[in-house]
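Below is one structure, written out as structure tokens, with a few remarks after it.
Please treat every number below as a calculation from the coordinates, not as lab data. It should be emphasised that the depicted structure is a prediction, and the values quoted were computed from it without experimental measurement. Cβ atoms come from the backbone with ideal geometry, glycine included; neighbour counts cover every protein chain shown.
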């Protein structure tokens, strides 16, 4: 293993990823709001925080895959593609983390995910006709899910970025 993989920063980031991934199991225990999860914020956080770009993509996707096994969701290339795009939104704020940029990254990530996953009916089985009316219907019906994802990204993003910021201030070795 390289030094980066065993650094305190890597260990703490990995523990944060695991904790955020565990929130996907909460719906099994208590009722939940659709798309109000930590996974989107986790993807943005990973893109912004992991120094290694491969790990930035691998960590949230691995968290998704493992939690999908436990909660019974099947693998969806479209959904995983949406989360890959959200990691890329994290890359955009990587060197300019601020409250404003984290909020913009959270909203942008949710919008990109919404655009990718709701256009998917053109290349998969769909409830809607494959025409302009179908596109409009798909996006309209998904607006509540977009709203929940934006709020989830903002709430969980605040927790993820905020807690890591506090930890970095307390333990300067994490800032490396």
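Here are a few things to note about the model shown:
- The chain: radius of gyration over Cα atoms, expressed as a fraction of 2.2 N^0.38 Å: 1.06
- Calculated FRET value between residue 175 and residue 155, using beta carbons and R₀ = 25 Å, to 0.05: 0.55
- Net length gained if the chain between residue 22 and residue 167 were fully extended (0.36 nm per residue, minus Cα distance): 50.2 nm
- Report summary: the helix-based calculation at 222 nm, which adds -39500 (n - 2.57) for every DSSP H run with n ≥ 4 and divides by the residues of the chain, gives -23000 deg cm²/dmol.
- Cα-only Debye scattering, region 51-92: base-10 log of I(q)/I(0) at q = 0.16, 0.22, 0.33 Å⁻¹: -0.41, -0.71, -1.16
- Calculated on the Cα set of region 80-176, radius of gyration then Dmax: 16.7, 55 Å.
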